[in-house]
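First comes the structure, then the notes that go with it.
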Amino acid sequence: MAAMAVALRGLGGRFRWRTQAVAGGVRGAARGAAAGQRDYDLLVIGGGSGGLACAKEAAQLGRKVAVVDYVEPSPQGTRWGLGGTCVNVGCIPKKLMHQAALLGGLIQDAPHYGWEVAQPVPHDWRKMAEAVQNHVKSLNWGHRVQLQDRKVKYFNIKASFVDEHTVCGIAKGGKEILLSADHIIIATGGRPRYPTHIEGALEYGITSDDIFWLKESPGKTASPRQVEECGRQGRLVVGASYVALECAGFLTGIGLDTTVMIRSIPLRGFDQQMSSMVIEHMASHGTQFLRGCAPSRVRRLPDGHLQVTWEDCTTGKEDTGTFDTVLWAIGRVPDTRSLNLEKAGVDTSPDTQKILVDSREGTSVPHIYAIGDVVEGRPELTPTAIMAGRLLVQRLFGGSSDLMDYDNVPTTVFTPLEYGCVGLSEEEAVARHGQEHVEVYHAHYKPLEFTVAGRDASQCYVKMVCLREPPQLVLGLHFLGPNAGEVTQGFALGIKCGASYAQVMRTVGIHPTCSEEVVKLRISKRSGLDPTVTGC
Ligand code: FAD
Ligand code: NDP
């Protein structure tokens, strides 16, 4: 494999600039252009987190680069600009709406700190959405400028393979564009999954592709009278992972009644003790949960509301409820179907349709690579897509041999009480090393800011999963509390560097913070002692 990588790097020479007009209005390469005659050193398909990182890095290394990006509107007609999922319909608008919800909590705290706040304080969806959307549009613009500055050619076309070195797409004016390159990186990401087997799901449901771009509040159709008359009203979020819980969290936080329908367990793959506490916290702050249920039908009622029918997964009993919005958050499908991958010979998983790659991000075709959400078995996270892309380009054009390390990738679920983690869950640690060899240190703590405001801190909890044998290598850290993303990011460095429990205990805390609770973890679960932190 290493020999193959070296041979490929040898092919990565710089080729002459060439963009030609050919008969029939076709621009770019003729089909099957030979090495030395291709348009670009690198063609990136997909202008999201990973694709843009690749394009910019390759340009920085002096290569001739093109990036193609095209956004298929959502089934509800939502469309957006350059930058991919994270910028337009993911991390960025999500975190800003999470912030809007957190501010609502701070407004509740404010009177305890002497602020005279006239109640109630209404929330204006239109204002929030417009501000968030304007920020996203500024990021779209910023990406275009950065590509221009780095002389990366950008094509707003939906690309599909013609052969293993060439893709084609139709530009806005109907012109067919052919582009050829020595190296191609596929970074087309994914899109929300619709439960198409459910009647009415596609017609009446929305997804995370739509929620951030709604001009009107998703609670707009429910008048207070209707809520009173019909009982269960509000938003239904189906799913129980990152997207479902984050969206339900901010919707509840800005004052919209929200129900989450969970068919099995919340946050599959995460530490289940922490996941349960995330749900407990959300439930105690107003989010409703329908557990062990799966939807079977959605119908629009004459008054515009959506009647949802679901089944209890254990008893099979049917139930119905009326909602003004149904948001599907049941996972994502890779954007591979329109790529014509078979023309290039790129293999995908028959189960997931994701692209199969090796540790070099190489596909079944030597000069075609894939990174980010579109790849089988990778975390679907922006920083991993970016880092994998940069490292790949440095290997291709920068003489590097560094591979992406997908171990100990930190992440945070931005629920109202944030949950950050890195490394193994307690269950995984026990499964790998055996109960006898794992020591878990834990603490229930109260953030100082919660005290004056009289906030409940029942779910503020931290646990560190370690090997039992000294020096007790840290296997995983789990933090539930305010600013968990900020806390986890710092400790992720230590864990990446192989920190031991002993070293964490030798780290001096910063007082008074929530992060310091990590370096004060003295109580092991095994001891059975009360892990409630009292005093400083
Ligand atoms: P994408 O960013 O999806 O980019 C792919 C691009 O390729 C898109 O613009 C697409 O339209 C385009 N494309 C597809 N097919 C073609 C084609 N044939 N031709 C041309 N262009 C094409 N991650 C985090 O790390 N933190 C978070 O807080 C976070 N929050 C999220 C919240 C939500 C609601 C969602 C849905 C995701 C979130 N993620 C988060 C995940 C993160 O957004 C993705 O992991 C990341 O965007 C993946 O980057 P990518 O480059 O692989 O693909
Ligand atoms: P996931 O694939 O993580 O989870 C899908 C959820 O939907 C599961 O709870 C699953 O339940 C449920 N589900 C699947 N099918 C159905 C169905 N037919 N009916 C009811 N429920 C169903 O998807 P997400 O969309 O939440 O997230 C996608 C990815 O995006 C994440 O893996 C993450 O990497 C990324 N992301 C990251 C964020 C962050 O970093 N903060 C935020 C948002 C997204 P079950 O367990 O029963 O299968």
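Read the figures in this text as sums done on the coordinates, not as results from a lab. Predicted, not measured: the structure shown is a model, and the values here were computed from it. Here the Cβ positions follow ideal geometry from the backbone for every residue, glycine too, while neighbour counts run over all protein chains shown.
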Original post:
When you take every Cα atom in the chain, what is the radius of gyration, and what is Dmax, the widest Cα pair distance, in Å?
Top reply: 25.3, 80
Original post:
Expressed as an acute angle from 0 to 90° and rounded to the nearest 10, what is the orientation of the C-alpha long axis of helix 125-149 relative to the principal long axis of the chain?
Top reply: 30 degrees
Subject >> From phi via Karplus (6.51, -1.76, 1.60), per-residue ³J(HN,Hα) for segment 94-104 in Hz, x at Gly/Pro >> reply: 4, 5, 5, 6, 4, 5, 4, 5, 4, 4, x
Subject >> Residues with amide H under 5 Å from that of GLU199, placed H, sequence gap 5 or more >> reply: VAL298
Original post:
So how do TYR441, TYR70, TYR419, TYR461 line up by other beta-carbon neighbours within 10 Å, fewest first?
Top reply: TYR70, TYR461, TYR441, TYR419
Subject >> Charge sum, other residues only, whose C-beta stays under 14 Å from SER364's C-beta, Lys/Arg counted +1 and Asp/Glu -1 >> reply: -3
**OP:** Find how many whole Å separate the alpha carbon centroid of segment 361-424 from the alpha carbon centroid of segment 96-137.
**Re:** 34 Å
Original post:
Where the centre of each part is set by its Cα atoms, how far does segment 435-467 sit from segment 145-222, in angstrom?
Top reply: 42 Å
**OP:** Quick one, can you get me the convex hull of the C-alpha atoms of segment 376-445 expressed as volume per residue in Å³?
**Re:** 146 Å³
**OP:** Quickly estimate the mean residue ellipticity at 222 nm for the chain, helices only: each DSSP H run with n ≥ 4 gives -39500 (n - 2.57), and the total goes over all residues, rounded to 500.
**Re:** -9000 deg cm²/dmol
Original post:
Share of antiparallel DSSP beta bridges in segment 126-271, in percent to the nearest 5?
Top reply: 65 percent
Original post:
When the convex hull of the C-alpha atoms of segment 269-311 is computed, what volume per residue in Å³ does it have?
Top reply: 100 Å³
**OP:** Nearest 5 is fine: what % of DSSP beta bridges in the chain come out antiparallel, could you say?
**Re:** 60 percent
Original post:
What list do you get for SER275, SER284, SER74 if you sort them by fewest beta carbons within 10 Å?
Top reply: SER284, SER74, SER275
Original post:
Hey, what angle do you get for helix 2-11 against the long axis of the chain, alpha-carbon based, 0 to 90 degrees rounded to 10?
Top reply: 50 degrees
Original post:
Between SER241 and residues 5 or more places away or on another chain, which pairs have amide H atoms under 5 Å apart, with H built 1.01 Å from N, and which residues are they?
Top reply: LEU267
Subject >> Between helix 382-397 and the chain: long-axis angle, C-alpha atoms, 0 to 90°, nearest 10 >> reply: 30 degrees
